[in-house]
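Some notes on the structure that comes next.
The values are calculated or read from the model by the stated rules, or taken from the named source; none is laboratory data. Keep in mind it's a predicted model, so treat the numbers as computed, not measured. Note that each Cβ is placed from the backbone with ideal geometry, even for glycine, and that neighbours are counted across all protein chains shown. Just the protein is used for accessible areas: all its heavy atoms, side chains included, with ligands, DNA and RNA removed. Shrake-Rupley method; radii C 1.70, N 1.55, O 1.52, S 1.80 Å.
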Amino acid sequence: MKGKYTTGQTGARSARLRLAALAIILVLMASAAAGCSGEKEESKPQRLILGFSQLGSESAWRIGNTRDIEDKADLYGIGLMLENANQKQENQIDAIRRFIAYKVDVIAFSPIVEEGWDNVLLEAKKAGIPVILVDRDISTETEGLTSCLIGADFYKEGVMAAEYLIRKADSLEKDHVKIVEITGTEDSTPMMQRQAGFMDTLLADERMEVLESVNGDFLKSRGAECMRYLLETYGSEIDVVYSHNDEMTLGALPEIEAAGYVPGKDIIIISIDGGQEAIDVLKSGRINCVVECTPMLGSELMNTAIKLKNGEEVEKVIHPAETYFSDEQDLSAITERSY
Ligand code: GZL
């Protein structure tokens with residue numbers, strides 16, 4: 001019994017001792033592991049949180065821009081808080097305030113218009129959160145509200161559109177060219193600069209006459225309304241439609257055809273963005289020139305956010321390289337568009 005009991009007792013006691021020793025070893029190992037992982041936790045870089053206020057979903061361009069930003073945030077391992085403002089500035093301002101409250105590392109937004117951002121950007125500055133402008137710019141007298149602008153050179157896009165028209169007028173040997181313009185959102189950077197680049201370039205060309213500019217707000221439905229009004233007002237006088245984005249152009253084309261004109265032949269059509277749908281219409285001959293405005297800004301945005309988080313210097317303005325496509329070129333060479 002003894003043996004058995006003692007063995008049992010002794011066995012039980014030594015088993016308890018072994019268990020206790022094992023438990024101590026396990027606790028020590030666990031705490032060492034925790035300590036290490038803790039050290040690893042401390043040394044492991046925290047996931048960058050980026051708050052992005054997107055202005056809306058008004059065009060294929062905008063949808064492509066949002067998709068690219070989401071894809072690149074995943075690729076770079078960045079935590080993205082994306083809010084869609086549905087074309088309302090007040091929604092963008094509210095979103096930026098939420099990002100500040102959440103203490104994100106970096107704020108980015110595509111301002112629907114240039115004015116009215118000083119107060120909320122001062123709040124971000126006071127909170128020590130850097131702000132990146134994506135796609136569009138703001139107008140302010142206050143220095144240092146934003147760290148960087150990543151977006152197209154819209155003025156240059158307007159120049160490319162006008163330079164195409166000058167070449168086209170030369171080839172058609174037209175000595176008087178009457179133009180109607182369908183503009184994007186009033187007071188937005190692309191609207192103001194695409195108009196300025198176009199008009200400044202045509203200024204010296206005596207042949208060119210702008211009949212009227214009307215606001216289509218970058219929307220397909222509004223592009224159709226604008227074209228209907230312009231055709232009712234000017235009819236066969238119209239030689240050229242200069243439209244600030246493909247959506248409005250695609251809205252305008254059926255109106256031109258319904259009025260009995262052949263777009264691309266009776267009326268020269270110049271558009272901007274370069275999405276797949278407009279390129280397909282260009283290839284069909286119903287648009288004459290599409291100036292490219294790439295929405296693929298996600299990589300530059302993520303790289304810039306990481307640099308700002310790390311306290312590194314960033315460029316004040318980053319313009320992506322852009323081109324144009326026209327009926328002067330071999331259009332079969334245009335590769336598939338990603339928006
Ligand atoms: C341009 C962008 C414009 C596009 C439109 O960078 O701001 O807004 O040209 C979009 O399609 O609505």
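The table that follows gives values for the structure above.
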read-out	value
The stretch 187-217, subset open to solvent by 60 Å² or more (accessible area, probe 1.4 Å) and within 13 Å of the ligand (Cβ to nearest atom), residue farthest from Asp246 (Cα to Cα)	Asp187
Qualifying residue in the stretch 48-59 (condition: in a helix (DSSP H, G or I), of a type in the set (Gly, Ala, Ser) and either over 21 Å from Val120 (Cβ atoms) or at pLDDT 95 or above (or both))	no
Residues located in the stretch 271-293, provided they are closer than 15 Å to Ala333 by Cβ, open to solvent by less than 10 Å² (accessible area, probe 1.4 Å) and without any contact (Cβ under 8 Å) to a residue 60 or more places away in the chain	Ile279, Leu282, Val290
Verdict on Ile166 being in a helix (DSSP H, G or I), surrounded by 14 or more Cβ atoms within 10 Å (Cβ to Cβ) and away from the ligand (no atom under 16 Å from the Cβ)	yes
Residue among Arg62, Arg67, Arg97 that alone is of a type in the set (D, E, K, R), closer than 14 Å to Ser188 by Cβ and part of a helix (DSSP H, G or I)	Arg62
Matching entry among Glu328, Glu313, Glu336, Glu322 (being out of contact with any strand residue (DSSP E or B) (no Cβ under 7 Å at 6 or more places or on another chain), open to solvent by 10 Å² or more (accessible area, probe 1.4 Å), within 21 Å of Lys168 (Cα to Cα) and not in a helix (DSSP H, G or I))	Glu328
Criterion violated by Thr140 - all others in (1) within 16 Å of the ligand (Cβ to nearest atom); (2) part of a loop (DSSP other than H, G, I, E, B); (3) more than 30 Å from Gly235 (Cβ to Cβ) satisfied	(1)
Hey, Leu308 within 29 Å of Thr66 (Cα to Cα), in contact (Cβ under 8 Å) with a residue 24 or more places away in the chain and more than 16 Å from the ligand (Cβ to nearest atom) or not	yes
Residues satisfying the stated conditions in the stretch 61-100, i.e. touching a residue at least 60 places away in the same chain (Cβ under 8 Å), within 16 Å of the ligand (Cβ to nearest atom) and in contact with a strand residue (DSSP E or B) (Cβ under 7 Å, 6 or more places away or on another chain)	Trp61, Ile69
Number of positions in the stretch 239-253 that are more than 7 Å from the ligand (Cβ to nearest atom), touching a Leu at 6+ places or on another chain (Cβ under 8 Å) and assigned to a helix (DSSP H, G or I)	2
The listed residue being outside any loop (DSSP other than H, G, I, E, B) and in contact (Cβ under 8 Å) with a residue 60 or more places away in the chain, out of Met227, Met192, Met199	Met192
Residue match in the stretch 239-246 (condition: open to solvent by 30 Å² or more (accessible area, probe 1.4 Å) and of a type outside the set (A, V, I, L, M, F, W, C))	no
Per-region count, the stretch 286-303, residues part of a helix (DSSP H, G or I) and acidic (Asp, Glu)	1
